[in-house]
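Bear in mind that the values in this text are calculations on the coordinates, not laboratory data. Everything numeric in this text was worked out from a predicted model, so none of it was measured. Glycine gets a Cβ as well: all are built from the backbone with ideal geometry, and neighbour counts include every protein chain shown.
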Amino acid sequence: MGIDFETTRRSCARCGRAASYLLRASGEPLCNRCFERAIVKAIRRAIGGYGVLNPGDQLLAVEPLKMPPWLWVSIRYLARSLRSHRNKIALLSYKERREGLVKMDEIYRAAIYVDRKYIIDLCKSLGDPIRIIGCLLKAEYMLGFIASKSHGIKVVALMRPRDLCSLIGFLGIAYMDFELAVESLPIRISGGVTAINPIYTISSIDLSALAFLFNMYDSDEDIVLGLDQMVIPGVEELTKIYSHSPEIMYSSSEAVRKILSNAERRCSICGAPISSGDLCSICSYLYPLLKHLPNARG
């Protein structure tokens with residue numbers, strides 16, 4: 001897997017040192033130190049904008065089921081951005097990844113382990129690729145929702161970069177699947193639990209570059225249990241457009257927000273529009289199967 005990001009030999013726009021990277025959002029040449037600071041600042045600004053995390057509060061970070069190669073660097077810089085407010089991070093991880101948590105020991109307070117293969121198999125049984133993607137994203141949200149309530153944590157972090165959110169929103173609108181589209185939103189509140197996206201304003205290319213520059217990039221993590229073999233027409237092309245065009249990165253998820261604001265009835269867990277009952281079809285499928293999973297602490 002190649003890495004598609006830009007390097008530069010120009011001077012850093014902020015401190016004058018030798019630059020190592022062109023920041024995706026602004027096009028500024030930055031040195032490693034200023035690049036780190038820009039990422040931390042973006043995370044702090046996003047979390048501060050949500051206004052839901054107080055000093056000393058604990059945050060539950062949910063690992064994506066389809067492990068991205070920038071995962072560890074995103075969690076590490078999430079922890080760094082929260083350090084000044086004495087916030088602790090609990091990590092919802094997966095049984096086969098337990099050995100990987102050793103390097104995160106200094107920043108997480110507790111770990112909650114669930115069976116990733118079981119969850120992925122549940123979603124793959126739906127058959128349709130769009131429904132499978134919606135199910136995987138919703139399972140991440142639901143696991144965070146269930147675990148936070150059972151462990152007394154009020155704020156959940158879903159690690160989804162900006163271009164992924166835009167792609168999710170676009171696919172949800174294009175396929176008229178708002179159970180998928182709702183997963184592009186940066187903040188949702190239900191049942192006393194608030195789910196936020198700390199990396200909502202950061203692109204996956206910037207995160208991949210940061211992981212690569214600091215030797216935390218794992219190109220093997222993104223291929224999981226055959227999920228890379230799912231074929232959705234146009235997704236590869238759309239991914240390239242969203243990751244390389246920051247000026248259109250906000251369009252689809254903002255459209256989703258406006259569409260959902262007009263829904264008369266919403267799912268009580270994920271917020272997707274529904275015509276009847278209390279839960280959307282995916283939540284009603286997943287909740288009985290997942291509600292007892294996130295109950296073990298590391």
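At-a-glance table
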| quantity | calculated |
| --- | --- |
| Environment charge of Ser190, counting only residues whose C-beta is closer than 13 Å and scoring Lys/Arg +1, Asp/Glu -1 | +4 |
| Cβ-derived FRET efficiency at R0 35 Å, Arg10 paired with Asn215, nearest 0.05 | 0.90 |
| Cα→Cβ-extended label distance, 7 Å offset, between Ser284 and Lys117, nm | 3.2 nm |
| Distant-in-sequence amide H partners of Tyr94 (H built 1.01 Å from N, under 5 Å) | Val114 |
| Long-range amide H partners of Glu28 with built H, under 5 Å | Leu23 |
| Peptides 183-195, 63-75, 264-276 ordered by average Cβ neighbours within 10 Å, highest first | 63-75, 183-195, 264-276 |
| At R0 = 25 Å, FRET efficiency that the Cβ-Cβ distance of Ala263 and Ser125 yields, to 0.05 | 0.35 |
| Derived scalar couplings ³J(HN,Hα) [region 274-282; Karplus, 6.51 cos²θ - 1.76 cosθ + 1.60; whole Hz; x for Gly, Pro] | 9, 8, 7, x, 10, 10, 6, 5, 6 |
| Estimated FRET transfer efficiency (Arg37, Ala174; beta-carbon r; R0 30 Å; 0.05) | 0.20 |
